[in-house]
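Structure first, then comments.
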Amino acid sequence: MLLRIPNVLTREEVLHFRERLSQATWVDGLVTTGHQSAKAKDNLQLHEQDPLAHELGTLVLQALERNSTFFSAALPLRIYPPMFNCYREGQTFGYHVDNAIRYDRTRQGLPQAIRTDVSSTLFLCDPDEYDGGELVIEDTYGNQRVKLPAGDLVLYPSTSLHKVTPVTRGARIASFFWSQSLLRDDSQRRTLFELDLSIRSLTQEVPDHPALVQLTGVYHNLLRQWSNV
Ligand code: NI
């Protein structure tokens, strides 16, 4: 499932991110890349240990926490600390699949393994600020080209081949991160997301209908059956 979630960040928050990132020390994006995708990758990132990445990553996580659509669609068990990248003119990231497992080394003790089930990109620049820089995701319905307003997020299965087309003017800044989901399987996540949407819409329209209790029970029983925790 590929899903666009608008306004994950407010306009004011986007401005705050942009202001803070104007002071950023960008490093070569190859620092976080697996062997296979290194050949395809040419961009800049904040170093994972950079205090600014931690500061802004915490704000991203806070924004996600108040976003029920993100939770319903991704059903996150763990979220890898959000990272930040920048593509300047001429930079690009060719087709690749993200590494299956990431190790969170920002915590005390042994690094925590996180299986990447859901990939997210949170756009921090508006589409008119740069040319190119589209996120292209291979999907069963064909290629999806994604370029969203600042503050909007796209999520898609981490199993997908994807790329960022070359930026030909301006710069493209975004945050990106992975979630390990309670459900490994994308089609199961989609089924539960659609069920949740239906329950929410019925709750609005016929709040006292007795079948709503049953339907909510079905949601939770499927989640219990399918979740791998
Ligand atoms: Ni990727």
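A compact table of results
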{"quantity": "Integer Hz, Karplus 6.51/-1.76/1.60 couplings in order for segment 136-146, x for Gly and Pro", "calculated": "10, 10, 6, 9, 5, 8, x, 6, 9, 9, 10"}
{"quantity": "Residues whose placed amide H lies under 5 Å from that of residue 78, excluding near-sequence neighbours", "calculated": "180"}
{"quantity": "Cα gyration tensor, segment 62-108 - rounded (a/c under 1.5), prolate or oblate", "calculated": "prolate"}
{"quantity": "Segment 78-177 shape via C-alpha gyration tensor axes, a/c threshold 1.5", "calculated": "prolate"}
{"quantity": "Cβ-based charge dipole, segment 1-122, positive-most Cα from 54, 24, 113", "calculated": "113"}
{"quantity": "Residue-averaged [θ]222 nm for the chain, counting only DSSP H segments that reach four residues, each worth -39500 (n - 2.57)", "calculated": "-10000 deg cm²/dmol"}
{"quantity": "Normalised alpha carbon radius of gyration of segment 1-117 [divisor 2.2 N^0.38 Å]", "calculated": "1.12"}
{"quantity": "Under 15 Å from residue 39, Cα to Cα: aspartates and glutamates that are on another chain or at least 8 residues apart", "calculated": "28, 98"}
{"quantity": "Relative contact order (percent, whole number), the chain, Cα cutoff 8 Å, 6+ residue spacing", "calculated": "25"}
{"quantity": "Global geometry of segment 29-93, whether rounded, prolate or oblate, following the gyration tensor of its Cα atoms and the 1.5 cut on a/c", "calculated": "prolate"}
{"quantity": "Within segment 158-192, backbone nitrogen closer than 16 Å to the virtual label 7 Å beyond the Cα of residue 101 toward Cβ", "calculated": "180-181"}
{"quantity": "Among 124, 52, 110: highest mean-square fluctuation, GNM of the chain, C-alpha pairs under 10 Å", "calculated": "110"}
{"quantity": "Integer Hz, Karplus 6.51/-1.76/1.60 couplings in order for segment 178-186, x for Gly and Pro", "calculated": "10, 10, 8, 8, 4, 10, 6, 8, 4"}
{"quantity": "Point-to-point label distance, residue 212-residue 168, nm (Cα→Cβ direction, 7 Å offset)", "calculated": "5.1"}
{"quantity": "Residue among 31, 164, 206 with the largest mean-square fluctuation in a Gaussian network model of the chain, springs linking Cα atoms under 10 Å", "calculated": "206"}
{"quantity": "Cβ charges +1 (Lys, Arg) and -1 (Asp, Glu), total dipole of the chain, debye", "calculated": "500"}
{"quantity": "Cα-based Rg and Dmax for the chain, where Dmax is the largest Cα-Cα distance (Å)", "calculated": "18.3, 58"}
{"quantity": "Dipole of the chain, positive end: most advanced residue of 161, 101, 69 [Cβ charges, Cα centre]", "calculated": "101"}
{"quantity": "For segment 44-54, Karplus couplings with θ = phi - 60° (6.51, -1.76, 1.60), whole Hz, Gly/Pro x", "calculated": "10, 9, 7, 4, 4, 8, 5, x, 5, 4, 5"}
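The numbers here are math on the coordinates, done by the rules we state, and not lab data. Owing to the predicted nature of the structure, the values given are computational and were not obtained by experimental measurement. All Cβ positions, even for glycine, are placed from backbone atoms using ideal geometry, and neighbour counts span all protein chains on display.
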